[in-house]
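See below for the structure under consideration.
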Amino acid sequence: MPDIMGDMDIAFPHIGIYLENVPKNFTIFGFTIALYGVIIGLGFLIALLIISKIAKMTGQKSDDYWDVAIYIIIFSILGARLYYVFFSWDYYKDNPISVLNIRNGGLAIYGGVIAGFLTLFIYTKIKKKNFFLFGDTIMYGLIFGQIMGRWGNFTNREAFGEYTDSLLAMRLPVAAVRSGEITELMKQHMTEGTNFIQVSPTFLYESMWNLGILIIMLLYLRHKKFDGEIILLYLGGYGLGRSWIESLRTDQLIMHTTGLPVSQMLAICLVIFAIVCDIVVRLRMKTSKTQKETA
């Protein structure tokens, strides 16, 4: 493994992977297109196809989901950006116009999830649809979109963790990452003559974790006991993984008043919320069943 990396290279030295000239963007007819955006866009498209398939499998009309999709996509992107900017305001306050530039990343998934849920809630209220049934179906597309989206972080050289020398350790050229995300520990392990940092590939951890959650959700589809159960499975499952992975990252969004990582705290709260709600619903179902049997 060379001591000097090209500015666009990415390496996983312990498993023998060395990728040269991994681009952040490409040009077509004079227009520069960010790979991050392409990956996010593909994620949305495939997610919609998955949602449509799940809807058909569960006896629903897939057209209903295509109708609501445009609203969810627009407001989810807006929410993801606002969430990120709000908790990174020190970075944007001197150049507010940069808030509009999302080509280099800067979308927080929890902001998108919150905005998406609010949009779905309003839509189902207006259209008199079952919010929990719709939510269960959409969760399959959401988790897949997150699996894809983390690879946008890969091409952007972001959402990585602290220094590690583990099997999956990733090397990134210093020139390719934001200076504020290079920690003292990373600098201490930069030997003389090298131009790269070695980090935890937290984007990969989260993508693989989400893949596991998606598989569990698919296996459980035919066994769910109530509408909203898949929502709780997503919130608890994703939150459990995120609460651990977030602790490794060097680009955490911090609560202004507490100094705590906001996404980690939110993830923990959602895990607790999901567990409590699941227990409460199951107890109510059990009580209702007992009352019917004794009536």
Is it the case that some residue within segment 47-58 is farther than 25 Å from residue 170 by Cβ, over 24 Å from the mean Cα position of the chain (by Cα) and either in contact (Cβ under 8 Å) with a residue 12 or more places away in the chain or buried (at least 18 other Cβ atoms within 10 Å of the Cβ) (or both)? yes
Got a number for residues in segment 59-69 being loosely packed, with under 15 Cβ neighbours inside 10 Å and within 22 Å of the chain's Cα centre (by Cα)? 1
Kindly check whether there is at least one residue in segment 178-201 that is hydroxyl-bearing (Ser, Thr, Tyr), modelled with pLDDT of 95 or more and part of a helix (DSSP H, G or I). no
Please work out if residue 264 is part of a helix (DSSP H, G or I) and surrounded by 10 or more Cβ atoms within 10 Å (Cβ to Cβ). yes
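Can you find even one residue in segment 223-232 that is part of a helix (DSSP H, G or I), free of Cβ contacts under 8 Å to residues at least 24 places away in the same chain and more than 26 Å from residue 85 (Cβ to Cβ)? Quick ask: steps written out before the conclusion?
Just the residues of segment 223-232 that are part of a helix (DSSP H, G or I), to begin with: 223, 229-232.
Right, trim to free of Cβ contacts under 8 Å to residues at least 24 places away in the same chain and you get 223.
After this cut, where a residue has to be more than 26 Å from residue 85 (Cβ to Cβ) as well, the list is 223.
Taking every residue of segment 223-232 in turn, at least one turns out to be part of a helix (DSSP H, G or I), free of Cβ contacts under 8 Å to residues at least 24 places away in the same chain and more than 26 Å from residue 85 (Cβ to Cβ).
Quick one: which residue in 242, 284, 222 is of a type in the set (Lys, Arg) and touching a helix residue (DSSP H, G or I) at 6+ places or on another chain (Cβ under 6 Å)?
Result of the check over 242, 284, 222: 242.
Quick check on residue 235: is it touching a Leu at 6+ places or on another chain (Cβ under 8 Å) and modelled with pLDDT of 95 or more? Talk me through it step by step, then tell me what you get.
On the way: touching a Leu at 6+ places or on another chain (Cβ under 8 Å): yes; modelled with pLDDT of 95 or more: yes.
Criteria met by residue 235.
When you scan segment 248-259, do you find a residue that is in contact (Cβ under 8 Å) with a residue 40 or more places away in the chain and assigned to a helix (DSSP H, G or I), even just one? Walk me through it before giving the result.
The first filter runs over segment 248-259 and keeps only residues in contact (Cβ under 8 Å) with a residue 40 or more places away in the chain, leaving 248-251, 253-256.
Restricting the remaining residues to those that are assigned to a helix (DSSP H, G or I) gives 248.
Yes, segment 248-259 contains a residue that is in contact (Cβ under 8 Å) with a residue 40 or more places away in the chain and assigned to a helix (DSSP H, G or I).
The values are calculated or read from the model by the stated rules, or taken from the named source; none is laboratory data. Remember, it's a predicted structure, so these values are computed and weren't measured experimentally. Heads up, the Cβs are rebuilt from the backbone with ideal geometry, glycines too, and the neighbour counts pull from every protein chain shown.
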